[in-house]
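Trainee: Have a look at this one before I ask anything.
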Amino acid sequence: MDFLVNIREAVGSAIKTLYDIDLSSDQIVLNETRKEFSGDYTYVVFPLVKQLKKKPTDIGDEIGQWLIENRTQIAAYETVQGFLNLTLVDDFWFKSLIDIGHADHYGYSSPMHKKVLVEFASPNTNKPLHLGHIRNILLGWSCSKILKANGYEVVNTQIINDRGIAICKSMLAWKKFGNGATPESTCIKGDHFVGDYYVAFEKAFVAEYEDFQQRDEGEAVYHASGSTETKEAFFKKYKNQYFNEHSALGAEARQMLMLWEQGDAETLALWKQMNQWVYDGFDVTFDKLGVTFDSTYYESDTYLLGKKVIEMGLDRGVFYKKEDGSVWIDLEDVGMDQKLLLRSDGTSVYMTQDIGTAQQRFEDYGMDKMVYTVGDEQDYHFKVLFEIMKRLGESYAEGLYHLSYGMVELPEGRMKSREGTVVDADDIVAEVIEEARLLSAERGEIESLPKSEQDDILRKIGLAALKFFIVKVQPKKKMIFDPKESVDMQGQTGPYIQNAYVRIQSVKRKMAVGLNLDWNGYNTLNEYEKILVKHIMNFPDIVKEAGEQLDPSTIANYTYVVAKDYHRFYHEVRILNAESEAAKSFRVVLSDTIGYVLLHAFDMLGIEMPERM
RNA sequence: GGUUCCGUAGCUCAGCUGGAUAGAGCAACAGAUUUCUAAUCUGUCGGUCACAGGUUCGAAUCCUGUCGGAAUCACCA
């Protein structure tokens, strides 16, 4: 629904008639007039100046005059320097609002019959989810919603890193120190339970390592290295090598990994048990955040994939083999490096897995596009992956997109697990809901509701604060997360926008039964009403832009501006006791439409609206 | 060192397909409701858009360079 197409065509006709210049209507850009000038939309005439060799103001006046005389939609014009400000007749706004009221699923595109996979979350099984995961999850989920709104068929997926040495560390620690404990027996959420054993392993390992450094053995390693660094500095860097070459715990963990790879029944059973605990814990957190997945891939299934593709690529000469048997691709002609795809011993690397997983997904879903929600530290990896898929000639290669996002930092700097500054996902969710509870208690607005309903409202408010705080920032920018600010509920926040929606619902509840929603007789908009109609008209474009850019912050910032202007309207203009029945009808419809836009825009951000607060 | 990303008010962020006097929120201060939910509204204070060139009628926005910050450059994932 393009409301301005007639206006653009009118300007085009004016230019054609007056100057015999052909401009298609999409070449004519109309900007919203800045509020310090009178007018609704502005046409910039500077580009015509050179061609016509006339003064900008004269051109503006001529076009404006022509429009007044020949087009009924134009009520007035004013030329300021090279800016032609056009004021539209009030009827234009009324008609637009009626059209919107009659539209099905306003703001949403009709199905395009294109399928897109959106991958997000993708956690490891040895640590509970933290703030970084929350940003990932919210971005992925929101983009999935936005793509749906843009007419795509969307499949939400994740890939879980459930194998490797890390999970063996947790398993080993549980065997050593667990005494058969379970999440049930200890009442600890499964992912935290397993994470605790991972930490326990690290602690035991560090103790072992420090002991080693004190003993003759450690002394000998330090001297044998011939290092010029202090002993302390040397051992700081030596940690990995110690793990692999000297550590008893390291040897045990590696032994376990070997047993896992050989399919040892006991090891696999423990692995499955511990992973299940983690998944149960993750599910609780996903549920709290309100996200679901249509499919899940596990690295334990996919880590051997990709070798077939490597064979095919070798046959086609896309890849090449070195003498030692390792397989590579040379991307230097496009400014990238040579990249290893298969080790000399024939085992696969991360890239191989990703190639294989992409193929697997194509076999499973036949998608046209795929979005990977992964942090920006992997920008290069995905650049390489996409180039490889292109060279392999995959049909979906052009549709691959890395939704890259910046790191989440605290005001003190990066989160560090060693320093215990990692913000846990479950903790921050609980905190922000608690804050909502405190603030709500002060207001006393929902006291009379049943407890379960109150809890539901507080959950929605708290999560809105958290989610909006994160999703309002452009994905690619790194963001500073101040826990104190994230629980704010005033100003540019989720609850502020919810409050606008709640006010609208309140108005609708109080509206007289059987109100005539025909506003015949109301024919002059005030400035507060007009700006709201303009916002409503912009909604489809905002959704489209967010879809093209895969940027939820576009929608987040839009909802804020809409809510802000609604609050002002609400403050300045009487709705239920308006000056006339027609005015009242119009304002209720206008409010209702704003409510629609806020509700659906928030839904695209994965944020729920309460009816009261 | 190579490559990529970022740098806008004290803080957190918008604005970036070039348009008018660069916007919000927070913080600080001063106000507003006998009337639809004050999680609201109004006002004051706050800027060398990192810096320097270039393109243009016009640059926070595009180009080049410099400075500062981050990421990445494994037969790790």
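The values are calculated or read from the model by the stated rules, or taken from the named source; none is laboratory data. Everything quoted here is computed from the prediction, not taken from an experiment. Positions of Cβ are generated from backbone atoms using ideal geometry, with glycine treated the same way; all protein chains shown enter the neighbour counts. Areas reflect the complete protein model, heavy atoms only, side chains present, ligands, DNA and RNA absent. Shrake-Rupley method; radii C 1.70, N 1.55, O 1.52, S 1.80 Å.
Trainee: When a/c is below 1.5 the answer is rounded, else prolate if a/b is larger than b/c, else oblate, so apply that to the stretch A:41-160 with a ≥ b ≥ c taken from the square roots of the Cα gyration tensor eigenvalues.
Mentor: It is prolate, given that a/c is not under 1.5 and a/b is the larger ratio.
Trainee: Here is a follow-up. Is the shape of the stretch A:307-347 best called rounded, prolate or oblate, per the rule: a/c under 1.5 gives rounded, else a/b larger than b/c gives prolate, else oblate, with a ≥ b ≥ c the square roots of the Cα gyration tensor eigenvalues?
Mentor: oblate
Trainee: Across the Cα atoms of the stretch A:164-275, what radius of gyration and what greatest pairwise Cα-Cα distance (Dmax) are found, in Å?
Mentor: Rg then Dmax for the stretch A:164-275, in Å: 16.4, 51.
Trainee: Calculate the translational D of the stretch A:393-492 in whole µm² s⁻¹ from Stokes-Einstein, where the hydrodynamic radius comes from the Kirkwood formula applied to all Cα pairs, the temperature is 10 °C and the viscosity 1.306 mPa s.
Mentor: Answer from the Stokes-Einstein relation: 100 µm²/s.
Trainee: With the dipole of the stretch A:380-471 worked out from charges on the C-beta (+1 for Lys and Arg, -1 for Asp and Glu) around the Cα centre, which of A:432, A:385, A:403 lies farthest toward the positive end?
Mentor: A:385
Trainee: Using the Cα centre as the reference, give the magnitude of the dipole from point charges on the C-beta atoms of the stretch A:5-88 (Lys, Arg: +1; Asp, Glu: -1; all else neutral), rounded to the nearest 20 debye.
Mentor: Dipole of the stretch A:5-88, to the nearest 20 debye: 220 debye.
Trainee: Below 15 Å Cα-Cα, how many Lys pairs turn up in the stretch A:307-347? Only count pairs eight or more apart in sequence, or on different chains, if you could.
Mentor: 4
Trainee: With only Lys, Arg, Asp and Glu charged, each at its Cβ (+1 for the first two, -1 for the last two), find how big the charge dipole of the stretch A:164-275 is about the Cα centre; round to the nearest 20 debye.
Mentor: So the magnitude is around 240 debye.
Trainee: Out of residues 5 or more away from residue A:370 or on other chains, whose amide H comes under 5 Å of its own, with H placed 1.01 Å from N in the peptide plane?
Mentor: For residue A:370, whose amide H was placed from the backbone, the distant partners under 5 Å are A:117, A:400, A:401.
Trainee: Still on this model: Using amide H atoms built 1.01 Å from N in the peptide plane, name the residues 5+ places from residue A:446, or on other chains, whose amide H lies under 5 Å from its own.
Mentor: none
Trainee: Continuing with this model, one more query. Only helices at least 15 Å long along their axis, Cα-based, and averaging 1.0 or more on Kyte-Doolittle count here, so list those DSSP H runs from chain A.
Mentor: Answer set is empty.
Trainee: A follow-up question, please. Taking H as built 1.01 Å from N, whose amide H comes closer than 5 Å to the amide H of residue A:77, not counting residues under 5 places away?
Mentor: A:87
Trainee: Rounded to whole Å and ordered largest first, report the semi-axes of the equivalent ellipsoid of chain A derived from its Cα gyration tensor (root of 5λ).
Mentor: 56, 33, 22
Trainee: Right, here's the next one. Looking at the stretch A:390-446, which GluC sites (Glu not before Pro) are DSSP coil and have at most 15 other C-beta atoms within 10 Å of their C-beta?
Mentor: A:412, A:419, A:445
Trainee: Still on this model: Under the definition of Cα pairs under 8 Å and six or more residues apart, what whole-number percent is the relative contact order of chain A?
Mentor: 14 percent
Trainee: How much accessible surface does residue A:402 have with a 1.4 Å probe, in Å² rounded to 10?
Mentor: Taking all protein chains as shown, residue A:402 has close to 30 Å².
Trainee: Using +1 at the Cβ of each Lys and Arg and -1 at the Cβ of each Asp and Glu in chain A, identify which of A:168, A:355, A:194 lies farthest towards the dipole's positive end.
Mentor: So the residue furthest toward the plus end is A:355.
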